[in-house]
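Rule-based calculations on the coordinates, nothing more; no lab input. On a predicted model such as this, the values are computed, not experimentally measured, just so you know. Please note: Cβ atoms are built from the backbone with ideal geometry, for glycine as well, and neighbour counts cover all protein chains shown.
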């Protein structure tokens, strides 16, 4: 490893992980090999820190991890590549270092990144040994350089902190940079993300939150917290709907009092039918759009944006930022990022074939939702079906079930009501002259 952000001990962890992969005759370095390498780091206290962060004995975790990885049949010579999920962990480790106020990545930051990445095999081993995966955040003694302000009142209960998660945002650098540029403009500084359902508008907002947390933004945005508010969902609660006007007044006042803040209005142009009349979240929060202490970021569907009535007052403030489907390679990478969470939730193993089938089938047969959201929904459906199948077959509950492309095809029928589609030809069929002679 040549990344200057990694200290000597962290680079040694990666080297030991490669040695473990060779010793076990595997063909790439998986997150499980990283965990074994971290457990070997006993002179520097990483094994003890694993026990502190998870509450599980390091020796038991080590033995279980070796059994879970197993051994390959043939030795791997030459270059030992990093698995995609391992690369994801190593990309996340510098962010953990920044969050904890460090200038160099150490084994402890690799460990926290590994826990946050949520690889299914690692999570399964830790949970079977009694690990509490939520302890790592609770036991961090050093706060992030720019801690989130403590929100008060209704704003704290109806909004979500988009910077709280550590899952990496794949791609979207152009959209994130465009939003940051718009937020820091003097005029027309309210970015409005526009895209089909499932295209990843919230991922762009999370990318902005991550850039702020890492300090990769102009001074005006540093130290701010990105909070998401879905006002249509909030007002769907009958108790809140009855006092919709009063609630909005509270939120407007609290948003100013709780600066520094970036308020993300999800469904910014969704019509809200209140007792005071029909409006939109963006219209209700119009008074904040020019307030210097609060930055506002909205999102909406393309159909909502095209149907909206002209409003010169809003048009002079709002800058549309169109979000398109990511390229195929980014979709696959996004599915690899969310794979760990789905595997942990369903206790399954999602194969690369399943990821490819989900991306292809969702693109061709789920027209009402864009990628990557449609593909993630298909994988979730396939994992649920696999769990039901395992329960009916009496399979051991601690043994993950493998989900393949065929399972994803079956899930498509349940997910969208479309019968299992035939396999499409990847290349055009060659012309058979006899067909022409018979026609």
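Where the alpha-carbon atoms of the stretch 201-262 are placed on the principal axes, they occupy 42, 26, 10 Å, in descending order. Note on the chain: GNM, Cα springs under 10 Å; of 47, 246, 205, the largest mean-square fluctuation is that of 246. Placing a label point 7 Å from the Cα of residue 414 along the Cα-to-Cβ direction, the residues of the stretch 371-403 with a backbone N closer than 12 Å are 378-392. Note on volume of the Cα convex hull per residue in Å³: of the candidates (i) 288; (ii) 352; (iii) 215, the value calculated from this structure sits at (iii).
Output the relative contact order of the stretch 328-416, whole-number percent, from Cα pairs under 8 angstrom with separation of 6+ residues.
Working: 113 pairs, mean separation 33.8, N = 89.
Once divided by the residue count of the stretch 328-416, the mean separation gives 38 percent.
What length, rounded to one decimal in nm, is gained on full extension from residue 157 through to residue 388, with 0.36 nm per residue of separation minus their alpha-carbon distance? Extra length from residue 157 to residue 388 when fully extended: 79.7 nm.
Would you please report the Å³ per residue occupied by the convex hull of the alpha carbon atoms in the stretch 59-104? Don't skip to the answer; put the middle values down first.
Numbers: hull volume 6.4 nm³, N = 46.
Per residue, the Cα convex hull of the stretch 59-104 comes to 140 Å³.
Report summary: the helix-based calculation at 222 nm, which adds -39500 (n - 2.57) for every DSSP H run with n ≥ 4 and divides by the residues of the chain, gives -15000 deg cm²/dmol. All alpha carbon pair distances within the stretch 271-330 were sorted into 10 Å bins beginning at 0; the resulting P(r) in whole percents reads 16, 46, 26, 10, 1.
Antiparallel versus total DSSP beta bridges in the stretch 154-322: what percent is that, nearest 5?
On the way: 6 of 24 bridges.
Beta bridges within the stretch 154-322, antiparallel portion: roughly 25 percent.
Taken over the stretch 8-139, the convex hull of the Cα atoms encloses 97 Å³ per residue.
Using the average count of surrounding beta-carbon atoms within 10 Å as a protection proxy, the listed peptides 16-24, 114-122, 215-223 rank, highest first, as 114-122, 16-24, 215-223. Rg/Rh for the stretch 328-416 (Cα atoms only, Rh after Kirkwood) is 0.96.
All Cα-Cα separations within the stretch 318-365 were binned at 10 Å from zero, giving a P(r) of 23, 45, 22, 9, 2, each value a whole percent of the pairs. Just so you know, the Cα atoms of the stretch 154-322 work out to an Rg and Dmax of 15.0, 43 Å.
A full extension of the chain between residue 3 and residue 185 corresponds to an added length of 62.1 nm, given 0.36 nm per residue minus the alpha carbon distance.
Under 8 Å for C-alpha pairs, at least 6 residues apart: give me the relative contact order for the chain, rounded to a whole percent.
Working: 681 pairs, mean separation 61.7, N = 439.
14 percent.
Write down the percent of antiparallel bridges among all DSSP beta bridges whose residues are both part of the chain, to the nearest 5.
Details: 6 of 29 bridges.
DSSP beta bridges in the chain are roughly 20 percent antiparallel.
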